[in-house]
Each structure stands twice: as C-alpha cells, then as structure tokens.
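Everything on this sheet refers to the single structure shown next.
The values are calculated or read from the model by the stated rules, or taken from the named source; none is laboratory data. Nothing here was measured: the structure is a model prediction, and the numbers come from that model. Using ideal geometry, Cβ is built from the backbone for each residue, glycine included, and neighbour counts are taken over all protein chains shown.
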2 protein chains.
Amino acid sequence: MQIPKEAKKVFSGYIFNIWHWQQEMFDGSFETFEMIERRAVVDIIATVGNKIITLEQEQPARKKYPALPGGMIDKGELPINSAKRELREETGYNCKNIELLDEDTGKGKQYFHQSIFLAKDCIKEGMQHLDKGEKITVKLVSYDEFLQLCRDPQFAAPYKLIFKMYECLLDRNKKEDFRKKIFG
Amino acid sequence: MQIPKEAKKVFSGYIFNIWHWQQEMFDGSFETFEMIERRAVVDIIATVGNKIITLEQEQPARKKYPALPGGMIDKGELPINSAKRELREETGYNCKNIELLDEDTGKGKQYFHQSIFLAKDCIKEGMQHLDKGEKITVKLVSYDEFLQLCRDPQFAAPYKLIFKMYECLLDRNKKEDFRKKIFG
C-alpha cells in the first residue's frame with residue numbers, strides 16, 4: 001500500500017507516523033481515511049558456507065525471539081548500507097557480496113517499507129557492537145532449519161519472506177529455486 | 001504484545017492510537033518506547049452446509065482482495081455481537097451457533113486485538129447492507145479452496161489464521177483437526 005499524495009501527516013513518532021486524507025466513497029461522499037507509516041527496515045539473509053546466519057534476539061519489554069540480522073534504516077542512510085552496518089554490528093560478520101533480494105511495502109492500512117538483502121560468503125571480522133536495547137546470540141543454521149523458522153509465531157521477519165518460506169515448504173521446486181538463489 | 005500499564009496515549013486516531021513510555025534498557029538507562037494500538041476487529045469463519053463463506057471485497061483506494069466476513073468492533077459493542085452484525089450486513093446470512101475460535105493481539109510494536117469466530121449452519125435471511133465504503137461479492141467455497149486462500153498475498157485475515165491455514169496445508173493431521181473443528 002502507498003500513502004496517497006494528498007495525505008497529510010497528523011502525527012510524527014519515533015517509529016510510526018500517521019497520515020490522513022479525504023477519501024471519495026463509492027456514493028461520491030467523502031470520509032477521512034487513516035494510514036500508518038512505519039520506519040523502513042532491512043533484513044539480511046547472510047550465508048557462511050552452506051549455512052545461514054540467524055539470531056536469537058532479546059529486547060527490553062519483549063520475550064526472546066528468532067530473527068534475521070537487520071534493523072531500522074538511519075535517517076539519510078541507503079538501505080544497502082544499513083544492511084551492511086546491521087550485519088556487522090549484530091553479528092560481527094562482513095560480506096563480500098550483497099544484493100537486494102526482495103522488497104515489501106505492507107498491507108491494507110499500513111505502509112511499511114521492508115528490504116530483504118542477500119549477503120553471500122560472509123566472514124567473521126570481529127565482535128558484535130550491540131545497542132543498549134539488544135541482546136543477540138548468533139546461530140548458523142542449515143537451509144532446512146532456516147525454512148522451518150517461518151513456522152515459529154515469534155519469528156520476526158517481513159511477512160512476504162515468511163510466506164515465501166512457507167511456499168518453499170509446500171513446493172519442492174520453489175524450495176530448490178530459493179536454495180539456488182541463496183547459495184548459487 | 002500488550003501495551004505497558006505505564007504507557008501514555010500520545011495520539012488518538014480513527015483506527016490507530018500511539019502510546020509512549022519510558023523503557024529501562026539493559027544498561028539501566030531509559031529510552032522512550034513507542035507502540036501502536038489498532039482498533040479491534042472480528043473475522044468470521046461461517047459455514048453453509050459443507051461450504052465456507054468468503055468475500056471478494058473492494059474498498060476505496062484499495063484493489064479488490066479476498067477476505068472473510070468481519071470488520072471493526074463498534075464502540076461499546078461485544079466482539080460476538082460485532083461478529084453477528086458484520087456477518088449479517090456483509091453477507092445477508094444469519095447463524096444458528098457462534099463461538100470464539102481464536103484470538104490474537106499482534107506482534108512486536110503493534111497491539112492489534114483480533115477475534116476469530118466460528119459461525120455454523122448459516123442461513124440466508126436477506127440482502128446485504130453495505131457501507132458506502134464497501135463493495136462485496138459473497139462466494140461459498142469448499143474447505144480445500146478456503147485453505148488455499150492463505151497463499152494469496154492479498155488475503156485479508158489475521159496472520160494467526162493465515163499461519164494456521166498454511167500449517168493445515170503442510171500437515172494432514174492439522175488439516176483434519178481443523179476441518180472437524182469447523183464442520184464437526
């Protein structure tokens with residue numbers, strides 16, 4: 001979903017903005033419509049040999065949950081640089097190659113730009129550099145273990161990726177294609 | 001996710017509210033945390049014989065999408081009454097029996113209360129009564145067709161239900177249990 005051009009921002013938060021506009025209804029009358037915009041994030045599928053980097057993440061006021069490396073894009077930062085930075089900070093790994101794999105913009109009344117990057121052949125270059133709001137354990141898992149993560153209701157990842165993972169579990173060809181995309 | 005008791009509402013919208021609170025970080029310092037609250041909704045799995053009622057829905061500023069009967073809970077309305085009302089308005093059907101099947105409250109930084117009701121043995125009692133922001137075509141589908149809906153990225157339903165439907169596609173026993181729950 002896109003925010004209409006004529007919409008006005010009625011609230012600016014740290015992570016969420018709220019937009020209003022006058023929407024023409026099916027009978028020609030107008031009503032105020034509302035959408036939220038969530039600060040853009042990146043997620044990274046990062047490979048080390050035939051493994052994928054996953055995180056067990058803890059944040060204040062939230063139970064432990066599995067995730068991929070990633071986070072919010074800083075003001076003025078390019079998504080690809082955000083992906084490299086988050087990967088380095090959260091895992092200690094750098095990557096040789098990084099490319100945009102997929103994007104999503106949310107659904108219905110929520111505009112939420114999510115970029116999914118593929119970082120191949122990562123190499124451990126140092127320690128994690130975590131925020132004071134992060135506790136992260138890095139786990140390297142096989143492709144099959146990675147796909148099973150979509151079945152954990154706590155898995156924090158873009159829904160578009162979660163559905164792609166479910167589709168790979170349902171369809172052998174999709175699974176093989178995605179494996180080739182990630183490791184090929 | 002729940003909104004912490006000490007949180008303060010900093011914005012009240014039509015559908016979304018925004019809440020802030022001071023959150024203690026892992027190093028003992030405090031930061032302002034933000035969550036959104038989305039107006040509660042109901043969704044209804046409604047049966048007619050061995051079929052399930054689905055909708056093809058159109059709203060202003062949004063492409064056509066598949067959905068279940070349902071909608072936002074009115075102020076002061078009980079979720080179960082909201083479910084009966086939405087079913088009647090959107091489809092023209094009334095139900096003999098209705099029960100709460102499942103609930104969800106969202107994920108991460110979003111509090112979104114969603115109630116999923118099961119309405120058995122529905123009977124067509126009249127015409128639809130649609131809002132000026134709705135165009136709805138009612139479609140009765142088989143259980144197998146219903147389960148396949150989760151694979152459509154535009155399907156508007158609680159994520160908890162979408163994941164349950166995917167699990168039924170992956171696991172024969174879960175599929176049979178859910179069929180018994182809905183039609184038994």
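Per-residue answers, yes or no, for (1) assigned to a strand (DSSP E or B); (2) of a type in the set (Val, Ile, Thr); (3) buried (at least 17 other Cβ atoms within 10 Å of the Cβ):
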{"residue": "A:17", "(1), (2), (3)": "yes, no, yes"}
{"residue": "A:23", "(1), (2), (3)": "yes, no, yes"}
{"residue": "A:28", "(1), (2), (3)": "no, no, no"}
{"residue": "A:31", "(1), (2), (3)": "yes, no, no"}
{"residue": "A:35", "(1), (2), (3)": "yes, no, yes"}
{"residue": "A:55", "(1), (2), (3)": "yes, no, yes"}
{"residue": "A:58", "(1), (2), (3)": "yes, no, no"}
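Per the conditions (1) on the phi > 0 side of the Ramachandran plot; (2) over 19 Å from the mean Cα position of the chain (by Cα), the sole criterion not satisfied by residue A:4 is (1). Looking at region B:118-184, the helices (runs of 4 or more DSSP H) lying wholly inside it that each contain 3 or more residues that are closer than 27 Å to residue A:33 by Cα sit at B:159-170.
Only one of the numbered conditions (1) surrounded by 14 or more Cβ atoms within 10 Å (Cβ to Cβ); (2) hydrophobic (A, V, I, L, M, F, W, C); (3) more than 11 Å from every other protein chain (Cβ to nearest Cβ) is not met by residue A:7, and that is (3). Identify, please: which residue in region A:93-112 is more than 15 Å from the chain's Cα centre (by Cα) and outside any strand (DSSP E or B) and is, among those, modelled with the lowest pLDDT? Here the residue is A:108.
Of everything in region A:60-72 that is touching a Phe, Trp or Tyr at 6+ places or on another chain (Cβ under 9 Å) and in a strand (DSSP E or B), the residue that is surrounded by the most Cβ atoms within 10 Å (Cβ to Cβ) is A:70.
Yes/no per residue for (1) touching a Phe, Trp or Tyr at 6+ places or on another chain (Cβ under 9 Å); (2) free of Cβ contacts under 8 Å to residues at least 60 places away in the same chain:
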position: A:108; (1), (2): yes, no
position: A:111; (1), (2): yes, no
position: A:122; (1), (2): yes, no
position: A:154; (1), (2): yes, no
position: A:157; (1), (2): no, no
position: A:162; (1), (2): yes, yes
position: A:167; (1), (2): yes, yes
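Here A:130, A:149, A:87, A:101 are screened, and the one residue that is crowded, with 17+ Cβ neighbours inside 10 Å, within 14 Å of chain B (Cβ to nearest Cβ) and in contact with a Phe, Trp or Tyr (Cβ under 9 Å, 6 or more places away or on another chain) is A:149. In the condition set (1) in contact with a strand residue (DSSP E or B) (Cβ under 9 Å, 6 or more places away or on another chain); (2) surrounded by fewer than 17 Cβ atoms within 10 Å (Cβ to Cβ), residue B:118 is compliant with all but (2).
Restricting to region B:23-39, and then to whatever is more than 14 Å from residue B:7 (Cα to Cα) and without any contact (Cβ under 8 Å) to a residue 12 or more places away in the chain, can you tell me which residue is farthest from the other protein chains (Cβ to nearest Cβ)? If we take residues in region B:23-39 being more than 14 Å from residue B:7 (Cα to Cα) and without any contact (Cβ under 8 Å) to a residue 12 or more places away in the chain, then B:28 is farthest from the other protein chains (Cβ to nearest Cβ). Residues of region A:163-184 that are surrounded by 15 or more Cβ atoms within 10 Å (Cβ to Cβ), within 8 Å of chain B (Cβ to nearest Cβ) and of a type outside the set (Asp, Glu): A:163, A:166, A:169.
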